[in-house]
Amino acid sequence: MELYEAIRKRKTTRDWQNKDVDIKTIKRIVDAGLKAPTHNHMREWEFIVLHTSEEKTKALKFIKEGVEQFKKENSFDSWPDKTIEQKMYKYAVPRQYDMLFNASYIIIPLFKGNSLKAESVDQLNAFASIWCVIENMLLATTAEGLGYSISVPIGKEGKNVCKELGVPDDYIMPVYIGIGYPDDNAPDMDQYKYSADEKIHFGKW
Ligand SMILES: Cc1cc2nc3c(=O)[nH]c(=O)nc-3n(C[C@H](O)[C@H](O)[C@H](O)COP(=O)(O)O)c2cc1C
């Protein structure tokens, strides 16, 4: 798939076909991630790949607890769904666990770093680099004709997952990425769309 087509087609998927992805495809997607720019020339990135139900259950137990607690405290049916973002939240929030567990594979990228505290953007370079990795992977996933879901761990969740999976203390988990074949019936959620003409400020704001 041509790059601009992949950029246009990329979207988040939260419902899956029950169909396995080939591990060779997962490796190509990780390889695409490893081609991302790196702030310190080191590419200090690692990837945990989860496939079996046991592996997923172990890694996802913290997000499962969080989602179950959230479901107890919130009645999604009464959530407003007037605006694009309200519709998105109402659809996406109850699916945070299933959209990962039901994906064929889950990839957990990891980057080397001890702290996310920063007073200027350069101090966030390691975090910025891993998001370059992630975006490469999302576009590669799209170019493979597959879909992906992403979820950012909340609070201590990322640290808990890392501990559970034996990740060294100096690595941080930015996100879970579920990869699979999108369900043909998955809804096409509206998004705000802009063109460059609406967003460019020539010379000054
Ligand atoms: C930094 C970041 C964090 C995100 N976190 C989540 C998340 O925790 N759960 C989720 O379902 N989607 C998450 N998303 C996906 C967004 O909801 C999605 O990108 C947005 O609704 C736009 O839709 P699109 O990706 O289909 O264009 C995240 C996206 C980004 C860039």
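A few comments on the model shown:
- Of all the numbered requirements in (1) part of a loop (DSSP other than H, G, I, E, B); (2) modelled with pLDDT of 95 or more, Asn114 misses one, and that requirement is (2).
- Some residue of the range 66-78 being modelled with pLDDT of 95 or more and among the polar types (S, T, N, Q): no
- Against the numbered list (1) more than 24 Å from Met88 (Cα to Cα); (2) surrounded by fewer than 15 Cβ atoms within 10 Å (Cβ to Cβ), Lys193 comes up short only at (1).
The rows are residues; the columns are (1) within 12 Å of the ligand (Cβ to nearest atom); (2) of a type in the set (Gly, Ala, Ser).
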| residue | (1), (2) |
| --- | --- |
| Tyr89 | yes, no |
| Ala92 | yes, yes |
| Gln96 | yes, no |
| Leu100 | yes, no |
| Lys112 | no, no |
| Ser120 | no, yes |
| Asn125 | no, no |
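- Selection within the range 56-73 - in contact with a Leu (Cβ under 9 Å, 6 or more places away or on another chain), under 12 Å from Ile106 (Cα atoms) and not basic (Lys, Arg): Ala59, Leu60
- Of all residues making up the range 10-66, the number that are part of a loop (DSSP other than H, G, I, E, B), within 16 Å of the ligand (Cβ to nearest atom) and surrounded by 18 or more Cβ atoms within 10 Å (Cβ to Cβ): 3
- Applying a threshold of 6 Å to beta carbon distances and a minimum spacing of six or more residues, or different chains, the list of pairs starting in the range 18-38 at a residue that is on the phi < 0 side of the Ramachandran plot and ending at one that is of a type in the set (Asp, Glu) and surrounded by 13 or more Cβ atoms within 10 Å (Cβ to Cβ) reads Thr25/Glu144.
- Complete set of residues in the range 117-128 that are in contact with a His (Cβ under 8 Å, 6 or more places away or on another chain) and not in a helix (DSSP H, G or I): none
- Residue match in the range 122-130 (condition: farther than 21 Å from Gln191 by Cα, of a type in the set (A, V, I, L, M) and in contact with a Phe, Trp or Tyr (Cβ under 6 Å, 6 or more places away or on another chain)): yes
- The range 80-107 residues that are farther than 17 Å from Tyr148 by Cα, paired with ones that are of a type in the set (A, V, I, L, M) and surrounded by fewer than 16 Cβ atoms within 10 Å (Cβ to Cβ) (beta carbon under 8 Å, 6 or more apart): Ile84/Met189; Lys87/Met189
- Look at (1) within 16 Å of the ligand (Cβ to nearest atom); (2) surrounded by fewer than 16 Cβ atoms within 10 Å (Cβ to Cβ); (3) more than 16 Å from the chain's Cα centre (by Cα) and you find that Ala6 fails only one, number (2).
- Complete set of residues in the range 142-156 that are closer than 21 Å to Lys24 by Cβ and more than 10 Å from the ligand (Cβ to nearest atom): Thr142, Ala143, Glu144, Gly145, Leu146
- Criterion: touching an Asp or Glu at 6+ places or on another chain (Cβ under 9 Å), part of a helix (DSSP H, G or I), crowded, with 17+ Cβ neighbours inside 10 Å and at pLDDT 95 or above - qualifying residue of Met137, Met99: Met99
- On inspection, Gln69 passes the criterion of being farther than 14 Å from Gly178 by Cα, more than 13 Å from the ligand (Cβ to nearest atom) and exposed (fewer than 15 other Cβ atoms within 10 Å of the Cβ).
The values are calculated or read from the model by the stated rules, or taken from the named source; none is laboratory data. Since the model is a prediction, treat every value here as computed from it, not as a measurement. We place every Cβ from the backbone using ideal geometry, glycine too, and count neighbours over all the protein chains shown.
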